[in-house]
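Colleague: Got a structure for you, written out below as structure tokens; questions coming shortly.
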Amino acid sequence: MAKDKNPNIKTVAENRKARFAYEVMDTLEAGLVLTGTEVKSLREGQANIQESYASVEGGELWLINSYVPEYFAGNRFNHEPRRRRKLLVSKKELARLAQAVDREGMTMVPLKLYFNERGIAKLQMALARGKKLHDKRETEKKRDWAREKARLLKEKG
């Protein structure tokens with residue numbers, strides 16, 4: 001579980017690789033349409049959004065390839081773990097996202113799945129552009145240098 005600034009927000013899943021593999025242009029918050037057993041499974045802190053993405057299909061926004069394991073106490077009414085989940089955004093936001101994906105070649109990548117202070121499941125998404133290999137190397141160099149610099153300052157001071 002990641003440490004959030006607000007103690008009332010409970011992070012369920014985080015896509016840490018997304019910020020390394022993509023250049024994040026814009027972030028937004030979307031609600032999810034979930035079944036009862038999915039919510040119970042999420043409250044236990046089980047989910048994976050590493051390889052998932054969002055797509056506009058038929059005038060609606062969908063989260064594809066996210067994994068929410070079956071609820072252990074769910075009987076025959078349990079959910080499908082890798083089903084497509086509808087995301088809730090305004091029409092204006094949906095049109096903006098669809099335009100960015102179609103015209104500018106961007107991707108919608110989930111960053112974080114969490115419960116807000118009211119206990120409602122939300123998904124933080126990013127409108128992002130994929131990084132090239134040299135950009136990833138540059139990011140890694142900056143991160144390594146920052147780590148080395150912090151270590152050196154700690155030894156000196």
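Colleague: Mean-square fluctuation check for the chain, GNM, Cα pairs under 10 Å: which of Leu133, Leu123, Leu28 is largest?
Modeller: Leu133
Colleague: With springs only between Cα atoms under 10 Å apart, run a GNM on the chain and tell me which of Gln99, Gln124, Gln50 wobbles the most.
Modeller: Judging by the Gaussian network model, the answer is Gln99.
Colleague: So, R0 is 30 Å and r is the distance between the beta-carbons of Leu133 and Lys91; what FRET efficiency does that work out to, to 0.05? Each step should come with its number before you reach the end.
Modeller: Values: r = 38 Å, r/R0 = 1.25.
Efficiency for this residue pair is about 0.20.
Colleague: Right, another one. Return the single residue from Gly31, Gly58, Gly130 with maximal mean-square fluctuation; model: Gaussian network over the chain, springs between Cα atoms under 10 Å.
Modeller: Evaluated over the chain, the most mobile residue of the options is Gly58.
Colleague: Using Cβ counts within 10 Å as a stand-in for footprinting exposure, how do Trp62, Trp145 rank, fewest first?
Modeller: On the way: Trp62 16, Trp145 10.
Ascending Cβ contact count within 10 Å gives the list Trp145, Trp62.
Colleague: Here's another thing I want to ask about it. Quote to one decimal, in nm, the extra length available between Glu80 and Tyr67 on full extension: 0.36 nm per residue of separation minus the C-alpha distance between them. The partial results should precede the final answer.
Modeller: Working: separation 13, 0.36 × 13 = 4.68 nm, distance 0.91 nm.
In short, 3.8 nm is gained.
Colleague: Counting other C-beta atoms within 10 Å, and keeping those with at most 10, which DSSP coil trypsin sites (Lys or Arg not before Pro) do you find in the stretch 81-157? Write down the numbers at each step before the final one.
Modeller: Working: sites: Arg82, Arg83, Arg84, Arg85, Lys86, Lys91, Lys92, Arg96, Arg103, Lys112, Arg118, Lys122, Arg129, Lys131, Lys132, Lys136, Arg137, Lys141, Lys142, Arg143, Arg147, Lys149, Arg151, Lys154, Lys156; in loops: Arg82, Arg83, Arg84, Arg118, Lys131, Lys132.
Answer in residue order: Arg118, Lys132.
Colleague: Could you grab the relative contact order for the chain? Cα pairs under 8 Å, six or more apart, rounded to a whole percent. Can you show the working numbers first?
Modeller: Working: 267 pairs, mean separation 47.3, N = 157.
Normalised by residue count, the contact order of the chain is 30 percent.
Colleague: Using just the Cα positions, wrap the chain in a convex hull and report its mean projected area in square nanometres, one decimal place. Could you put the intermediate results ahead of the total?
Modeller: On the way: hull surface 48.0 nm².
Projected area, direction-averaged: 12.0 nm².
Colleague: In nm, what is the difference between 0.36 nm times the number of residues separating Asn6 and Thr27 and their Cα-Cα distance?
Modeller: 5.8 nm
Colleague: Taking R0 as 25 Å, what's the FRET efficiency between Asp144 and Glu117 from their Cβ-Cβ distance, rounded to 0.05?
Modeller: Working: r = 36 Å, r/R0 = 1.46.
Given R0 = 25 Å and the Cβ-Cβ separation, E is 0.10.
Colleague: Length gain on complete extension for the stretch Glu51 to Gln99, per 0.36 nm per residue less the alpha carbon to alpha carbon distance?
Modeller: On the way: separation 48, 0.36 × 48 = 17.28 nm, distance 2.28 nm.
Full-extension gain reported as 15.0 nm.
Colleague: Measuring from centroid to centroid over Cα atoms, what is the spacing of the stretch 81-101 and the stretch 60-78 in Å?
Modeller: Answer, in whole Å: 19.
Colleague: Do you know the Lys pair count in the stretch 51-157 for C-alpha distances under 19 Å, with sequence separation 8 or more or different chains?
Modeller: 11
Colleague: Further question: Seen from all sides and averaged, what is the projected area of the convex hull of the Cα atoms in the stretch 67-111, in nm²?
Modeller: Working: hull surface 18.4 nm².
In nm², the orientation-averaged hull projection of the stretch 67-111 is 4.6.
Throughout, read-outs are computed from the coordinates displayed, never taken from laboratory work. Remember, predicted model here, so these are calculated numbers, not experimental data. Glycine gets a Cβ as well: all are built from the backbone with ideal geometry, and neighbour counts include every protein chain shown.
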